[in-house]
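Enquirer: Okay, here's the structure, questions in a sec.
The values are calculated or read from the model by the stated rules, or taken from the named source; none is laboratory data. Treat the numbers as computed from the prediction; the structure is a model and nothing was measured. Ideal geometry is used to build each Cβ from the backbone, glycine not excepted, and the neighbour counts take in all protein chains shown.
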Ligand SMILES: [Zn+2]
C-alpha cells in the first residue's frame, strides 16, 4: 500500500504530490521541498538532498535511517529513498497526478465515441508521455527507460 500527500515548496509558489512505498517512511521524512524557483537559494547537500529537474527534496536523514531499519540494513541515502519509492513523487514528476488525470479525461471522452480507437490512443499516450518526460529530464522517466 502507498499513501500520498501534497507538500508546498519553501517559497510557497508550487506543490508536489509525494508517495510513500509500503508506508515505511512517515510524512515527516520530507524536511523541505524546493521548486525550480526557490531551489537556487538552497545550498545543495548530497547527503540529504536529491535533485530532479530543478526541484530539490531535502530529507530528514535521521527519520529516514530510523524508519528504514525495518526494511534494509544498507546505508540510507537520498537516492535510495527516491529511487526505491520510499519517498518519491506520486507519478513521474511533482505535478503528475493532476496532469495525467487531465490528459486521461480527454481520452475517456473518446472511449464513449470510439472504444477501439480509445485503446489504441491510450497505449500511445502512455508511451509518448514517458518519452516526453524522459526528454524533459525527469529522474523517474529516465530510470524507467
Ligand atoms: Zn518554491
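Enquirer: Does region 125-145 contain any residue that is surrounded by 12 or more Cβ atoms within 10 Å (Cβ to Cβ) and closer than 20 Å to residue 31 by Cβ?
Expert: Looking through region 125-145, at least one residue is surrounded by 12 or more Cβ atoms within 10 Å (Cβ to Cβ) and closer than 20 Å to residue 31 by Cβ.
Enquirer: Pull up region 52-103, narrow it to residues that are free of Cβ contacts under 8 Å to residues at least 12 places away in the same chain and over 18 Å from the mean Cα position of the chain (by Cα), then point me to the one that is farthest from residue 34 (Cα to Cα).
Expert: 73
Enquirer: In addition: Of the conditions (1) in contact with a strand residue (DSSP E or B) (Cβ under 7 Å, 6 or more places away or on another chain); (2) within 16 Å of the ligand (Cβ to nearest atom), residue 78 clears all except one; give me its number.
Expert: Here residue 78 meets the rest and fails (2).
Enquirer: If residue 56 satisfies all but one of (1) part of a loop (DSSP other than H, G, I, E, B); (2) within 16 Å of the ligand (Cβ to nearest atom); (3) surrounded by 15 or more Cβ atoms within 10 Å (Cβ to Cβ), what's the number of the condition it fails?
Expert: (1)
Enquirer: Then there is this: Pick out, from region 74-145, the helices (runs of 4 or more DSSP H) lying fully within it that include 2 or more residues that are modelled with pLDDT under 95.
Expert: Where helices (runs of 4 or more DSSP H) fall fully within region 74-145 and carry at least 2 residues being modelled with pLDDT under 95, they are 96-113, 115-136, 139-144.
Enquirer: Name the residues in region 29-50 that are more than 15 Å from the chain's Cα centre (by Cα) and either surrounded by fewer than 18 Cβ atoms within 10 Å (Cβ to Cβ) or away from the ligand (no atom under 14 Å from the Cβ) (or both), would you?
Expert: Passing the criteria: 31, 37, 40, 41, 42, 43, 44, 45, 46, 47, 48.
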